[in-house]
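Okay, structure first, notes after.
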Amino acid sequence: MPALAGKELRIVGFLCNWCSYGGADTAGVGRFSQPTDLRIIRVPCSGRINPLFVAKTLLSGADGVLVSGCHPRDCHYAEGNFYARRRLEVFKRFLPTMGIDPDRFEYTWVSASEGQRWQKVVTTFTEQIHKLGPAPRFGFAHEQNPATAAAC
Amino acid sequence: MSTYAYYPGCSGLGTSQEYESSTRAVCRALGVKLVDIPDWSCCGSTPAHTVDHLLSSALAARNLALAEDLDAAAVITPCPSCLTNLKVAVHRMSDREFRMQVNKLLDKPVDRSTPVKSVLQVLAEDVGPETVAEMLPHKPLAGLKVAPYYGCIMNRPPEVMQFDDHENPMAMDNLMAALGAEVLPFPLKVECCGASYGVARKDIVAKLSGKLLQAAEDLGAHAVVTACPLCQMNLDLRQGQASSAAGHKFQLPVFYYTQLIGLALGVPQSELGLSKLCVNPRLALDAMHAVQAEKREQEAKKEAAKQIHKAKAA
Amino acid sequence: MTILTQLKEQITAQLPKLDMVIGWEQGYDALHATPLFMRAAEDVERLQIGPLSVHNTATYLTGLRNKKVGLVVKGCDSRAVVQLQQEGLIDRENVVVFGFPCDGVADLTKVRRLIGDVGRVEEVETTPTELRLRVDGREEQVAMSDVMADKCRRCQYPNALVHDHFAGKPREPHATSDDYTDVQEFESQSLETRFEHWKSEMSRCIRCYACRNACPMCVCRDHCIAQSRDPHWVTQDDMVREKWMFQVIHAMHLAGRCVECGECQRACPVDIPILALKRKMNKEIKEVFNYDAGVDPQAIPPLLSFQVEEENINERGW
Amino acid sequence: MKIGVFVCHCGSNIGGTVDAARVAEASREFPDVVFTSDTMYACSEPGQDGIIQAIKDNQLDGVVVSSCTPRMHEPTFRRTVERAGLNRFMFEMANIREHVSWIGKDKEANTNKAIELTGIAVEKLRRDQPLFAKQFDINKRVLVIGGGVAGIQAALDCADGDREVVLVERESTIGGKMAKLDKTFPTVDCSSCILGPKMVDVAQHPKIQLYAMAEVEEIGGYVGNYEVKIRRKAPYVNWDLCTGCGLCMEKCPSKKSTDRFNEQVGSTTAINIPFPQAIPKKAVIDPKFCIKLTKGKCGICAKICPTKAIVFDQREEIISESVGAIVAATGYDLFDISKYGEYGGGRLPDVITGLQYERLLSASGPTGGHVKRPSDGKEPKTIVFVQCVGSRDKSVDRPYCSGFCCMYTAKQAILTKDHIPDSSSYVFYMDIRSPGKMYDEFTRRAMEEYGTQYVRGRVSMIYPQGDKLMVRGADTLMGTQVEVEADLVVLAAGAEAAVGAPQLAEKLRISYDKYGFFMESHPKLRPVETNTAGVYLAGSCQGPKDIPASVAQGSAAAAKVLALFAKDKLENDPMISLVDMKRCVGCGKCVRVCPFGAIKEIDVRGEPKAEVIETVCQGCGLCTATCPQGAIQLSHFTDNQILAEVNALCQL
């Protein structure tokens, strides 16, 4: 499914169920308008988010990935976001060596009550991604592998 | 002790020469090294910022830019009004956009942010009342009852000024206590004196300053101590106007805090400029001396009684 | 007595109590060593150490968990032992470590780049400064300084960090610190250049997984997610994306664990410089957690723990 | 697999900015989808019946509903598909309301987004497996934390429902803030007279175990089976022996101890029973002031005590209790008035808080019910009340209304006139907030019958002049500045979260807002539940509340506990992690990170392997993100399900 051509970029969000998904709901209930690019994938806890999901998403052609969980100390599962913080931080720092702008990936904390904060996070991140523009792509399979392409 | 870039302000060269000279003398005596900002200009005073924030900040910022070459620990000024203009400029320029606009107006752009402080802040924090007290073990101002008056802008707005408690400042109280003076809990420390309404609406200044003087008098103060040229002028020069508005003759000398520190440290009269005060400072100093004399007399009596007691015992 | 002789004596003395001792011997030619599994006293005679003993002997440990195994280790190999012990993947009491001071090993890719694909090497004479190779009767001389592996130049642990026996005297470290200039240099290029670099490097990958098989820390073996359908992290599509994804997985799985033995890159038949990815990961782990893998068997791996207030992770303002 | 997709218009809530029919139409193209429809209200009875009918007619084995947030109606639709004979986990929701229709007006972009969100729900559903809950035993005892009026009510209701209650109170007596009040609004009846009997009931109820001077140290376990460690501080008195006779208080020579019960109006003895109606009525030694404990000599109380109850070397102890549910009723604390420097709170002795004034009014207070001001003990004639000190003020980070100050200020103004008939009272207020039964009438009485002068405006400064306090403020109705010469100023200090509330929330694993108040599950529909099963809220810990609301919530929490305990077995949430034994290499990383100790290492034919304890696992998935080979997978959120969602969004 391509992003709405010309208007949207592909931004994927991984949100913990208890805080940030609720925060996004709160933003909706408050009718806090937001850019439409973001697609949210719900997970139980930010601790569930293996940084490799972010890697997979970016390598699969996403222009930006946003992870959001409960504020440190507020994790519904007590400690999940503490582990997530370490892993996601390391991964974010790893991105430059891959040739991927680290600004394409952000992780943050939004609680279920912070509808306005969620609006700000989404708006800021979407603007940030639009400023960076579309991510570099690999193209189709035959473009990716010259040997196969030659054989075609 | 570090070197400070010194910004005297225009009134220091006019109406408050005694503040200026006593400040320099006290700083010298306390080892605070002042280097004048070369070719400094007016900070914009009260009129500039009411007309244009950008130009007003540029006026102040020009001086900050000039101060950069001095490699000083801070830019310091005795005058709270100058201080406000300098600090507000720094505060506004923390916004990158605004800073660029200001720099466009300046021949020499501001590129570092040297901290801006009042002389009072330097004496209270960098020198410290403890140091002053150590230098004056005999407490030269013992017996002098003072009401410290800070004025409304020395500590406010707190997010810009970042100095002392904005409702109940204590910097000057502590310095005065270090000299041995009896510091009264003056409740109107940060009240307005009427400020520049002294020109346009004398009645307002007379009323507001009168209130301050009344409060100090009720507390039994011998004198009011200030840190602001405009406050000092309203309380001192216009004390007569305040008296006629109140229907009660006030006779309260109004010192600059640097004059009292200088007096305690033995700074020469020529630099203290006590003669420039309108209400005769003798009133306060005589009262102080009377208290001191009385105390000495009591102690002498006590000593004599002890001697007699000893002699009898022997 | 040379270090080798001393080492052989120590091994021979311990061998009766062990199922095997792993070291190195000459491979298909004089230049290429191969791992040696010593089970009997006569095997010990074939042991060789020196600049050609490149393999990480610790790679075999987890596959031999219930055996009593002796291991001849260079400094970097010993870090893998420490790391495996720390993670509880080996039982330290089942492992007997034979250490010796390592002067650094040769990078055979560098040798090949210097003298070309010369075929079978008949004889190699090693001196502290040189390798003298005899090929087709002619002699080639290469300076050790030209072919020493990069990891050895910055090696801070040339002597086994853990050992039960040690032959010779511990030597001075080759370097006192690692400032990751290689990573910094790589990252001084533009993002596009870096991206294109990997795109082109990864396109050469033949998905043989030699990098993984050579890695002492890759303990999943048959259950590596590179080849599983559940979970299905990478597809079998012949695409750069899938190959690159696997290298990211490898780097991420090694975060806080990689001892930089360089086996992944050495094993790569098409010479993809994949150690750079692990180097970058280690640099960040060092910066954020001040942690070196494979140094302290009692340490807690940084990604398996946390601090409520992280010292070096700043919350980004939104 | 046969999947049905149902797209909800939610009236115009979704339909207004999303073309629901087109979403349904487009969903037909997704793999395995055999049926789609758009419906006006999917959650309504006809909506749900339509889903059931479609499942039966088309032999569907999975359902996607694109509507509101799953946090709202996921349980509803799970029951719906269950009624149609499907496993309730063969269901997914796409949130096209909160995350789409309500946050933007671009219908084209919204519709496209709704289609994609529906698409990823389909992809996830295609990998869903039927899951079945496990049953486990429930411990039918309840822990109530906090012995204020809300906690007392919850404890009594649970105990009357024949359940054992463990009540933990931080202070040496229960009663909370209400016990400190003189009278209550709007009835002006005596606070301790209506609370006292309830406190006695707590003491005498055979089903209630009360731990006073105790705090919750640690909480482990899960709904139905919590393990609680309670730290009981040392009172230095053997409470089994103490009769509460008070002889020790009479003789104690250390008379300058902090009087916490009387809000530090005056001081008390180092050994002390806070007030005559205290429950338990036992003496406590304040070790900071006790001469024996600080200097090593004295011990008069020990000599005089008729039952020899004094134990100077008593230590605190840790008590373990097992319970099945927890009610948090930790109340509130007062805003620190010294943060308003211009009011001189904490600096000027005659500027006090409303709660301190209650103690001055109270017959059991330090002045015996005679209003005497703290500085010189004189009876004040002019009293100024200042409202909203630490409420509705962004500048001190307290933008919320504390709710009850308008009412208690009116009460205090009335009581002042009763105590000192020749006095006059002024109230500086922002707005009068009196929305309760008989509340507005009550404030009117304060103004009209008792002549309290209400001045609409903020106070800018309070400063001493002679022995008076000058209160300067604005009268915004008159448009002038006013100055009142007062003898005593009472600040209506706002309510804030109790000290230590965030720390307790972390132990309970419940959320709290930025001010430290505990978060309820839903502000309207689940006001006493939290997001942690088995933990309920009562009283001001959830937000400032007056007494009737606190009591009501205490009873409500008790009703929730009793409903939970009505079952003999609880069912776990089957969304838990499971280990693929073949793939597990026994590295133990999952065991190390699990926050609940829900994974243990087992031995399978000589190989170490991980195993999940199904009733302990809470389903966070941290283990799944940790396992390198993906051998442990969180059901319903497996790697493959999340990867499928990623792939659906990012295939180029």
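Quick one: is C:Arg266 more than 30 Å from C:Met148 (Cβ to Cβ) and either outside any loop (DSSP other than H, G, I, E, B) or more than 12 Å from every other protein chain (Cβ to nearest Cβ) (or both)?
no
Quick one: how many residues across segment B:1-39 are part of a loop (DSSP other than H, G, I, E, B), within 19 Å of B:Tyr257 (Cα to Cα) and in contact with a helix residue (DSSP H, G or I) (Cβ under 7 Å, 6 or more places away or on another chain)?
7
Filtering segment C:175-215 down to residues that are surrounded by fewer than 15 Cβ atoms within 10 Å (Cβ to Cβ) and under 19 Å from the mean Cα position of the chain (by Cα), which residue is farthest from the other protein chains (Cβ to nearest Cβ)?
The residue in question is C:Ala175.
Can C:Pro301 be described as touching a strand residue (DSSP E or B) at 6+ places or on another chain (Cβ under 8 Å) and within 12 Å of chain D (Cβ to nearest Cβ)?
Spelling it out, it is not the case that C:Pro301 is touching a strand residue (DSSP E or B) at 6+ places or on another chain (Cβ under 8 Å) and within 12 Å of chain D (Cβ to nearest Cβ).
Being of a type in the set (Val, Ile, Thr), touching a residue at least 40 places away in the same chain (Cβ under 8 Å) and surrounded by fewer than 20 Cβ atoms within 10 Å (Cβ to Cβ) is the filter; apply it to segment D:266-304 and report the residue that is nearest to D:Ala203 (Cα to Cα).
Selected residue: D:Ile304.
Pick from segment D:481-503 the residues that are assigned to a strand (DSSP E or B) and free of Cβ contacts under 8 Å to residues at least 60 places away in the same chain: which of them is farthest from the other protein chains (Cβ to nearest Cβ)?
D:Val482
Quick one: which of D:Lys198, D:Lys255 is outside any strand (DSSP E or B), of a type in the set (Lys, Arg) and at pLDDT below 95?
D:Lys255
In the set A:Arg48, A:Arg73, A:Arg39, which member is in contact with a Cys (Cβ under 8 Å, 6 or more places away or on another chain) and of a type in the set (D, E, K, R)?
A:Arg48
Could you tell me how many of the residues in segment C:278-304 are closer than 24 Å to A:Trp109 by Cα and surrounded by fewer than 16 Cβ atoms within 10 Å (Cβ to Cβ)?
Result for segment C:278-304: 1.
Which one of the conditions (1) over 23 Å from the mean Cα position of the chain (by Cα); (2) small (Gly, Ala, Ser); (3) more than 29 Å from D:Asp157 (Cβ to Cβ) does D:Ser362 fail to meet, given that it meets all the rest?
The one condition D:Ser362 does not meet is (3).
Name the one entry in A:Ala112, A:Ala84 that is in a helix (DSSP H, G or I), buried (at least 24 other Cβ atoms within 10 Å of the Cβ), touching a Phe, Trp or Tyr at 6+ places or on another chain (Cβ under 9 Å) and small (Gly, Ala, Ser).
A:Ala84
I need the full set of residues from segment D:595-607 which are of a type in the set (A, V, I, L, M) and within 12 Å of chain A (Cβ to nearest Cβ), in order please.
The answer is D:Ala598, and nothing else.
If the requirement is being in contact (Cβ under 8 Å) with a residue 40 or more places away in the chain and not charged (D, E, K, R), which of these qualifies: D:Val33, D:Val81?
D:Val33
Go through segment C:60-83 residue by residue and tally those that are part of a helix (DSSP H, G or I) and either surrounded by fewer than 23 Cβ atoms within 10 Å (Cβ to Cβ) or not assigned by TED's automatic domain parsing to the domain that holds C:Pro170 (or both).
The total comes to 4.
From the residues in segment C:216-229 that are more than 18 Å from C:Gly88 (Cβ to Cβ) and crowded, with 22+ Cβ neighbours inside 10 Å, which one is nearest to the chain's Cα centre (by Cα)?
C:Cys224
May I ask you to list the residues in segment D:514-529 that are crowded, with 18+ Cβ neighbours inside 10 Å and part of a loop (DSSP other than H, G, I, E, B)?
Answer for segment D:514-529, where residues must be crowded, with 18+ Cβ neighbours inside 10 Å and part of a loop (DSSP other than H, G, I, E, B): D:Gly516, D:Phe517, D:Met519, D:Glu520, D:Ser521, D:Val528.
Could you list, in sequence order, the residues of segment D:504-513 that are basic (Lys, Arg) and either assigned by TED's automatic domain parsing to the domain that holds D:Tyr400 or in a loop (DSSP other than H, G, I, E, B) (or both)?
D:Arg509
Would you check which residues across segment C:29-50 are of a type outside the set (S, T, N, Q), touching an Asp or Glu at 6+ places or on another chain (Cβ under 7 Å) and either surrounded by 15 or more Cβ atoms within 10 Å (Cβ to Cβ) or not in a loop (DSSP other than H, G, I, E, B) (or both) and list them?
C:Ala30, C:Ala33, C:Leu36, C:Leu47
Spot the failing condition for B:Glu217; the list is (1) touching a residue at least 40 places away in the same chain (Cβ under 8 Å); (2) within 14 Å of chain D (Cβ to nearest Cβ), and only one is missed.
The number of the failed condition is (1).
Can you say whether C:Val54 is in contact with a helix residue (DSSP H, G or I) (Cβ under 9 Å, 6 or more places away or on another chain) and assigned to a loop (DSSP other than H, G, I, E, B), as far as the supplied structure shows?
Yes.
Which ones in segment B:135-153 are away from chain D (no Cβ under 14 Å) and among the hydrophobic types (A, V, I, L, M, F, W, C)?
Within segment B:135-153, B:Met135, B:Leu136, B:Leu141, B:Ala142, B:Leu144, B:Val146, B:Ile153 meet the criteria.
Output the residues belonging to segment D:608-633 that are more than 8 Å from every other protein chain (Cβ to nearest Cβ) and within 32 Å of the chain's Cα centre (by Cα).
Across segment D:608-633, the qualifying residues are D:Val612, D:Ile613, D:Glu614, D:Thr615, D:Val616, D:Cys617, D:Cys623.
Look at D:Leu643 and say whether it is hydrophobic (A, V, I, L, M, F, W, C), within 10 Å of another protein chain (Cβ to nearest Cβ), farther than 22 Å from A:Trp18 by Cβ and part of a helix (DSSP H, G or I).
Yes, satisfied.
Looking only at segment D:206-232, filter to residues that are farther than 28 Å from D:Thr615 by Cβ and touching a Ser or Thr at 6+ places or on another chain (Cβ under 9 Å); which one of those is surrounded by the most Cβ atoms within 10 Å (Cβ to Cβ)?
Among those residues, the one meeting the criterion is D:Ala212.
Given the options D:Leu562, D:Leu570, name the one that is in a helix (DSSP H, G or I) and either over 30 Å from D:Gly146 (Cα atoms) or within 27 Å of the chain's Cα centre (by Cα) (or both).
Every option except D:Leu562 fails the conditions.
Tell me which strands (runs of 3 or more DSSP E) are completely within segment A:1-81 and hold 1 or more residues being at the interface with another protein chain (Cβ under 7 Å from one of its Cβ atoms), out of contact with any Phe, Trp or Tyr (no Cβ under 8 Å at 6 or more places or on another chain) and over 22 Å from A:Gln116 (Cβ atoms), or say none if there are none.
In segment A:1-81, A:11-16 are the strands (runs of 3 or more DSSP E) which contain 1 or more residues that are at the interface with another protein chain (Cβ under 7 Å from one of its Cβ atoms), out of contact with any Phe, Trp or Tyr (no Cβ under 8 Å at 6 or more places or on another chain) and over 22 Å from A:Gln116 (Cβ atoms).
Could you list all residues from segment C:237-263 that are assigned to a helix (DSSP H, G or I) and either among the hydroxyl-bearing types (Ser, Thr, Tyr) or facing chain A (nearest Cβ under 8 Å) (or both)?
C:Val240, C:Arg241, C:Trp244, C:Met245, C:Val248, C:Ile249, C:Ala251, C:Met252
The values are calculated or read from the model by the stated rules, or taken from the named source; none is laboratory data. None of these values were measured; they are calculated from a predicted model. FYI the Cβ positions are ideal-geometry reconstructions off the backbone, even for glycines, and counts take in every protein chain you see.
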